[in-house]
Amino acid sequence: MSALLEIRDLRVTIGSTAAVRGASLSLDKGETHCLVGESGCGKSITALSVMGLLPRGAVRETTALRFAGEEIGHYGERQMERLRGDRMAMIFQEPMTSLNPAYTVGSQMTEVLRRHRGTPRAQAVDRAAELLARVGITAPGLRLGQFPHQLSGGLRQRVMIAMALMCDPELLIADEPTTALDVTVQAQILRLLAGLQKDLGLGILLITHDLGIVARVADRVSVMYAGEVVESAPTATLFAAPQHPYTRGLLSCVPVPGKVKRDEPLGSIPGVVPRIRPGFTGCGFRDRCAEATPACAGTIPRRDLGSGHEMLCVLDPGRDGKAAA
Amino acid sequence: MSATAAIEVRGLRREFRVRQGIFAAPKRVIAVDDVSFSVPPGSVLGVVGESGCGKSTLARLILGLLPPTAGEVLVDGQRLAQMDRRARARLIQPVFQDPFASLNPKRRVRDIVAMPLIAQGSIGRAEVERRVGEALERVGLSSDQGARFPAQLSGGQRQRVAIARALVLRPRIVVCDEPTSALDVSVQAQILNLLAELRRDLGLTYLFISHNLAVVEHIASEVAVMYLGRIVERAESERLFAAPRHPYTRALLASVLTPEPGLGVPDVGLGDVMPDPANIPPGCRFHPRCPVAVAQCSAESPRPATDAAGLVECHLARHAA
Ligand SMILES: Nc1ncnc2c1ncn2[C@@H]1O[C@H](COP(=O)(O)OP(=O)(O)OP(=O)(O)O)[C@@H](O)[C@H]1O
Ligand SMILES: Nc1ncnc2c1ncn2[C@@H]1O[C@H](COP(=O)(O)OP(=O)(O)OP(=O)(O)O)[C@@H](O)[C@H]1O
Ligand code: SF4
Ligand SMILES: [Mg+2]
Ligand SMILES: [Mg+2]
C-alpha cells in the first residue's frame, strides 16, 4: 500500500532563510505522524508546502510530493484549491487566521461544502450541526448562528476541527491545534481528534513542540531541527532509545515528574536555534552539540537504524550501549 | 508562626468592571475573591489554574501594581499599602512572561538593568555600574551582551535581562508570572535551572505562576490551585501531586500529558462548559464542570477547610484524608 502523504527532500527558501532543508516524511492512512521541534525549525513551512499555501516569495523544491499516490508537486493554484478543504484539510496555528470574523460559524462551515460539493444549503447546515455535536459542542444550533469572537478559545478550536471535517478529508494537517488552550481543554481536544481518527480513518500530520502530546498521540515521530528532519522513528522507539544528540537533549529538558527531583537541574541544551542561510552545509546542530566532531561540518549521512528508525548524524547509533530498539 | 512570612495576604479581593459589548451594562468581574495565604521565607509557592482564573491579578496585587478592592498584603511583615515605593522595590520584584514587552526597546541592556538602582536616587554611579555588572554575570550574560539592545538578544537572553533587573536591588522576594511560557523547552530548562540556582544561592522566596504543571511541580515547594478567583486547594507540592483532594485539581493533573508513550490521552471528565469570571455560578463555583458534584454543590458554597495536609474547598473533600 502506498503512503497517503509522501514528502521527499523538501527544500523551502524564503529570502535569506533556508526554512526547510531536505525534509522527508511519509504518512499512512489512519496514522498520526507528529512533527516536533522548537520554534522556527520549519514545521509550519513544511505543512504549508503540502497545502500549497507558502508565503509570498517562498521557493519550494522537492523530489517527490505525493498525495494518495498522486504527484502534486507540479499542481497549480486551481488544482490545489480543489484539494484543499476537500480531500486535505488544515487546522492552522492561529484559529482566528482561518475564521472570518465577519461571518457566522454556520455560514463559514457550510460554505466549504457548497463550494466543493455544491451541497444545498439546508443539507450543509445539517452536516455542520452534526459535526459540531460530534466535536463535543452541546448547543450546535446556537453556535452556528454565532460569530467567531463570541466563542471561547476551546470552542473556536472545536469549530475549526469540525470545519476541517466538513468534506470528509483523507488527510488532516493540524498545526499546534491546542497550544493556545488550557491543559484541560487541550486534553479534551486531543482525545477528540484521536477518536475521530479512529472512526474516520483519517491520516493526521500533527505539528507540535510539546513532547508530552507527541508521546500520547503519535504513531510515528519526526524531530525537526533547523529545517531538517534529524530523527524519525515509531513513537515508542523514539522515547525509549533516542539516538540523535538533539532528540536526547530535547527529551532531557522536559521536566518529568518523578524523573528529575525538585531543585535538581534539568538537562538543557546550551545556546539557541541558529538561523540558517541558503548554502549552509553540515549539521545545523553542531554549535550546540556536545558530541560534535570536525566531520559534522561536512556532509551528514542519513542512517537507517532499521524498523523505520532513521537519523541524520555522523555518530554511531547505539554508541553508548543504548541500541536502537 | 515563628519566622515572619515573606508574603502574607489576608482576605484579598479585586474586582474589575468590564463591558462585554458596546451597549451592554458593565459587569463586575471578581478576579481575586477573598484569598488568604502566607509564604514562608525561602520557599516557592507555585500558583496554577486555567486562563482567567486570576493568577496575574494576584501577582499584581502582591507586587503593589494594583490596589486591592478589599483585604491586605504584607511583605516581609510590612503592610504593602503603607510602604514607600522605593522600599518596596528593594524587597519584592517581578519577572513577567513576555520579556520583549517588559523591556524598553530603546535602551541598552545594562541601562535597563540599572534602572531600579537609579530609581532609588541614592546610589552613586560607580556603585550602579558595579552592581549591574554583578547582576549580569549572575544571570550568565556577558558585558558585551550588556551593551546590546533587547531586539539583538534571543528570547531566553531577554528573560535573563529581566531576571538581572529583578535581582539588581537584591530583593528577598521575586514574583514570577509565567517566566518561561514564551520560551522553547531547551531555553525554558536553562531559565528554570538559573532560577533554582539563584534561589539556593541568594535565599530568595518565589511566588511562581505557571499554567504548566510539570514546571510547577519541578520548582515549587508548595502549590496553590486557583479556580475563578479562589484558591480551591493548597498543599505541599509532593502531597498535592501525589494525592489531589479537590476534583478540579484532579482534573488539572489528569490533563497533564507527560512524555510517556502508550498512555493515550485521558478523559478529564469536565464537559464543554467553560468558566466565565463575569458569571460566577452560585454554590460551588466549580459545580457546572465537576464530575462528582452532588445536590448540595449547586446550592451552597463550600468553606475552605484547613488541616495538616493543607487547604481544600469542596463539600466532598472536607473529610477526606
Ligand atoms: N512569511 C515568512 N517570511 C519569511 N520567513 C519566514 C516566514 N514564515 C516563516 N519564516 C521562516 O522560516 C523558518 C521556519 O519557520 P516555521 O514557521 O516553519 O517554524 P515553526 O517550526 O513552525 O516554528 P513555531 O514553532 O514558532 O511555529 C523560520 O526561520 C522563519 O523565520
Ligand atoms: N485590567 C483589567 N480590567 C478588566 N478585567 C481584568 C483586568 N485584568 C484582569 N481582568 C479580568 O480578571 C480575570 C482574571 O485575569 P488574570 O489576568 O488575573 O488571569 P490569569 O489567571 O493570569 O490568566 P492567564 O493564564 O490567561 O494569564 C479575567 O476575567 C480577566 O479578564
Ligand atoms: S551531526 Fe554532529 S553536531 Fe550534529 S548532532 Fe550529530 S554529532 Fe552533533
Ligand atoms: Mg509554526
Ligand atoms: Mg496571567
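The values are calculated or read from the model by the stated rules, or taken from the named source; none is laboratory data. Not measured: the values here are computed from a predicted model. Because the Cβ atoms are built from the backbone with ideal geometry, glycine has one as well, and the counts that use them run over all protein chains shown. All accessible areas refer to the heavy atoms of the entire protein, side chains included, with ligands and DNA or RNA removed. Shrake-Rupley method; radii C 1.70, N 1.55, O 1.52, S 1.80 Å.
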| request: Output the residues belonging to region A:192-237 that are away from ligand 1 (no atom under 16 Å from the Cβ), assigned to a strand (DSSP E or B) and either hydrophobic (A, V, I, L, M, F, W, C) or facing chain B (nearest Cβ under 10 Å) (or both). | output: A:Ile204, A:Ala233, A:Pro234
| task | Please indicate, with yes or no, whether at least one residue in region A:146-169 is within 16 Å of ligand 4 (Cβ to nearest atom), in the same structural domain as A:Ser222 (by the TED database) and not in a loop (DSSP other than H, G, I, E, B). | result | no
| said: Please pick out the residue among B:Gly54, B:Gly77, B:Gly71 that is in contact (Cβ under 8 Å) with a residue 24 or more places away in the chain and under 30 Å from B:Gly155 (Cα atoms). | reply: B:Gly54
| query | Of everything in region B:36-57 that's part of a strand (DSSP E or B) and out of contact with any Ser or Thr (no Cβ under 9 Å at 6 or more places or on another chain), which residue is surrounded by the most Cβ atoms within 10 Å (Cβ to Cβ)? | reply | B:Phe37
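Tell me yes or no: at least one residue of region B:250-273 is touching a strand residue (DSSP E or B) at 6+ places or on another chain (Cβ under 8 Å) and facing another protein chain (nearest Cβ under 9 Å). Break it down stepwise before answering.
As a first pass, look at region B:250-273 and keep what is touching a strand residue (DSSP E or B) at 6+ places or on another chain (Cβ under 8 Å): B:252.
Cutting the leftovers down to facing another protein chain (nearest Cβ under 9 Å) gives us B:252.
Checked against the condition, which is being touching a strand residue (DSSP E or B) at 6+ places or on another chain (Cβ under 8 Å) and facing another protein chain (nearest Cβ under 9 Å), region B:250-273 yields at least one hit.
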| note | If we ask which residues in region A:294-315 are closer than 16 Å to A:Gln243 by Cβ and either within 16 Å of ligand 2 (Cβ to nearest atom) or open to solvent by 50 Å² or more (accessible area, probe 1.4 Å) (or both), their number turns out to be 6
| request: Just give me the residues in region A:106-141 being part of a helix (DSSP H, G or I), within 14 Å of chain B (Cβ to nearest Cβ) and closer than 20 Å to A:Met88 by Cβ, in sequence order. | output: A:Arg134
| region B:172-211, residues that are part of a loop (DSSP other than H, G, I, E, B), at the interface with chain A (Cβ under 10 Å from one of its Cβ atoms) and charged (D, E, K, R) | B:Asp184
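Of B:Arg28, B:Arg13, B:Arg60, which residue is open to solvent by 40 Å² or more (accessible area, probe 1.4 Å) and either of a type in the set (S, T, N, Q) or free of Cβ contacts under 8 Å to residues at least 40 places away in the same chain (or both)?
Only one candidate qualifies: B:Arg60.
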| query | Taking region B:96-125, which residues are at pLDDT below 95 and either under 21 Å from the mean Cα position of the chain (by Cα) or of a type in the set (Asp, Glu) (or both)? | reply | B:Phe96, B:Gln97, B:Asp98, B:Pro99, B:Phe100, B:Ala101, B:Ser102, B:Leu103
| Number of the exception - A:Leu10 against (1) within 27 Å of A:Leu200 (Cα to Cα); (2) buried (at least 17 other Cβ atoms within 10 Å of the Cβ); (3) within 16 Å of ligand 4 (Cβ to nearest atom); (4) not hydroxyl-bearing (Ser, Thr, Tyr) | (1)
| Within region B:149-159, is even one residue under 18 Å from the mean Cα position of the chain (by Cα) and outside any loop (DSSP other than H, G, I, E, B)? | yes
| Failed condition for A:Gly306, given (1) within 22 Å of A:Arg8 (Cβ to Cβ); (2) within 16 Å of ligand 1 (Cβ to nearest atom); (3) without any contact (Cβ under 8 Å) to a residue 60 or more places away in the chain, with all others met? | (2)
| task | Kindly check whether there is at least one residue in region B:78-101 that is β-branched (Val, Ile, Thr) and in contact with a Lys or Arg (Cβ under 7 Å, 6 or more places away or on another chain). | result | no
| said: Let me spell it out: the conditions are (1) open to solvent by 30 Å² or more (accessible area, probe 1.4 Å); (2) away from ligand 5 (no atom under 16 Å from the Cβ); (3) within 12 Å of chain B (Cβ to nearest Cβ), and A:Ala180 meets all of them except one. Which number is the exception? | reply: (2)
